[in-house]
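One structure is given here, and the rest of the page talks about it.
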């Protein structure tokens, strides 16, 4: 089943790479807006659960990598080993053997922009807000890219590799004096 | 109650009242809060020491800060602390509020909590055992007896400096000053 899905994806979408590192995992690398088309396609297939959007800062390659992990809770599309599709699925085994599809795309570091996935998966909103404040990536079409966790403004978004946390702590938190010392 | 305490009751009934009725505010921050449920329930039974948890800050006079304090939590801690009626006692629990602990180089975690609110005592450890809370409570009794648990008075007197530090981290605070910002003894 996993190879059938792989072949189908490869025949429809050109210019993508697909790896199957293990039985329950499928990694798709694609470029730009192709990601949203693939997300739409897989959602129609029944993979209707966006588990996570994550980001990695590849500073040496000068790129950000966005990672979308999607999956499904429907038993009949999970490729459980040699099981037939209509065979009842043990729920606990199903969790272990559920197919996780991982979509990866790279965007340049100088101009960190991407298209929002909210039209496809509504729960992308919070993930994209988080990535926006921690990595400084703008998601075009996102209705409210306001801070989610952070209270302060940072010159460099704090999850980027070139953000020096020790220097920041030294310059900011350590500079605040103790109240006893202020008296003097 | 010990028989020899009777003299104290007549001498300073207020102090004795404060000592044996510590109402701890339920304020969960960080991982240390996992130690609180066994402390207040049957296993260790904090009520033996007169410590009972309450739901709102206006009913509480003991504030246990149980773990690392992020900038966002600091805002809530200040608001909670300022709402509590005098006399109030704040105790930092675990190594993170003391000096940052394992988050000493984090971009969003407060390192020294006593720069922002006054603290009566610390419980060191990561995590401290529930027994450590009782050691702290009995030590707090001693401090109250000796009249040394005066952090809330300190807060009133040096409010200007505390507020200055708070605003340095959180920006402009959206609630009015609790005490006169002049820092006088009013």
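Some notes on this structure:
- When B:56, B:73, B:80 are checked against the criterion of being within 13 Å of another protein chain (Cβ to nearest Cβ), at negative phi and under 15 Å from the mean Cα position of the chain (by Cα), B:73 stands alone in meeting it.
- Selection within the range B:96-110 - in a loop (DSSP other than H, G, I, E, B) and touching a helix residue (DSSP H, G or I) at 6+ places or on another chain (Cβ under 6 Å): B:105, B:107, B:108, B:110
- So residue A:153, is it modelled with pLDDT of 90 or more and over 19 Å from residue A:20 (Cα atoms): no
This table checks each residue for (1) surrounded by 14 or more Cβ atoms within 10 Å (Cβ to Cβ); (2) at pLDDT 90 or above; (3) more than 27 Å from residue A:37 (Cβ to Cβ).
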site	(1), (2), (3)
A:49	yes, no, no
A:55	yes, yes, no
A:79	yes, no, no
A:91	no, no, yes
A:95	no, no, yes
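Each row is one residue, and each column tells you yes or no for (1) within 27 Å of residue A:159 (Cα to Cα); (2) in contact with a strand residue (DSSP E or B) (Cβ under 7 Å, 6 or more places away or on another chain).
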| residue | (1), (2) |
| --- | --- |
| B:10 | no, no |
| B:21 | no, no |
| B:33 | no, yes |
| B:49 | no, no |
| B:75 | yes, no |
| B:82 | no, no |
| B:107 | yes, no |
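- Residue in the range B:141-148 that is within 11 Å of chain A (Cβ to nearest Cβ) and either buried (at least 19 other Cβ atoms within 10 Å of the Cβ) or in a helix (DSSP H, G or I) (or both) present: no
- Residues (within 14 Å of chain A (Cβ to nearest Cβ) and over 20 Å from residue B:174 (Cβ atoms)) located in the range B:93-108: B:96, B:97, B:98, B:99, B:100, B:101, B:102, B:103, B:104, B:105, B:106, B:107
- Residues (touching a strand residue (DSSP E or B) at 6+ places or on another chain (Cβ under 8 Å), outside any loop (DSSP other than H, G, I, E, B) and buried (at least 17 other Cβ atoms within 10 Å of the Cβ)) located in the range A:105-129: A:105, A:106, A:107, A:114, A:124, A:127, A:128
- Evaluated against (1) more than 9 Å from chain B (Cβ to nearest Cβ); (2) more than 23 Å from the chain's Cα centre (by Cα); (3) farther than 30 Å from residue B:158 by Cα, residue A:156 falls short on exactly one condition, (2).
- Number of residues in the range A:12-37 that are in a helix (DSSP H, G or I), under 28 Å from residue A:126 (Cα atoms) and more than 14 Å from the chain's Cα centre (by Cα): the value is 2.
For every residue, the table says whether it meets (1) under 21 Å from residue B:163 (Cβ atoms); (2) surrounded by 20 or more Cβ atoms within 10 Å (Cβ to Cβ); (3) within 14 Å of the chain's Cα centre (by Cα).
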site: B:23; (1), (2), (3): no, no, yes
site: B:27; (1), (2), (3): yes, no, yes
site: B:31; (1), (2), (3): no, no, no
site: B:94; (1), (2), (3): no, yes, yes
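- One residue alone among B:35, B:82, B:47 is surrounded by 15 or more Cβ atoms within 10 Å (Cβ to Cβ) and more than 30 Å from residue B:172 (Cα to Cα), and that residue is B:35.
- When the range A:130-141 is filtered for residues that are touching a residue at least 24 places away in the same chain (Cβ under 8 Å) and either touching a strand residue (DSSP E or B) at 6+ places or on another chain (Cβ under 7 Å) or more than 22 Å from residue A:162 (Cα to Cα) (or both), the ones remaining, listed by number, are A:131, A:135, A:137, A:138, A:139, A:140, A:141.
- Taken together, the residues in the range A:1-38 that are within 27 Å of residue A:63 (Cβ to Cβ) and free of Cβ contacts under 8 Å to residues at least 12 places away in the same chain amount to 5.
- Taken over the range B:149-167, the criterion of being within 14 Å of chain A (Cβ to nearest Cβ), outside any helix (DSSP H, G or I) and within 14 Å of the chain's Cα centre (by Cα) is satisfied by B:150 alone.
- Unmet requirement for residue A:143, which otherwise passes all of (1) surrounded by fewer than 17 Cβ atoms within 10 Å (Cβ to Cβ); (2) assigned to a helix (DSSP H, G or I); (3) away from chain B (no Cβ under 14 Å): (2)
- Residues (surrounded by 12 or more Cβ atoms within 10 Å (Cβ to Cβ) and either touching a helix residue (DSSP H, G or I) at 6+ places or on another chain (Cβ under 7 Å) or more than 7 Å from every other protein chain (Cβ to nearest Cβ) (or both)) located in the range A:164-173: A:164, A:170, A:172
The values are calculated or read from the model by the stated rules, or taken from the named source; none is laboratory data. Predicted model only: the values in this text are computed from it and were never measured. Every residue, glycine as well, gets a Cβ built from its backbone with ideal geometry; the counts of neighbours run over all protein chains shown.
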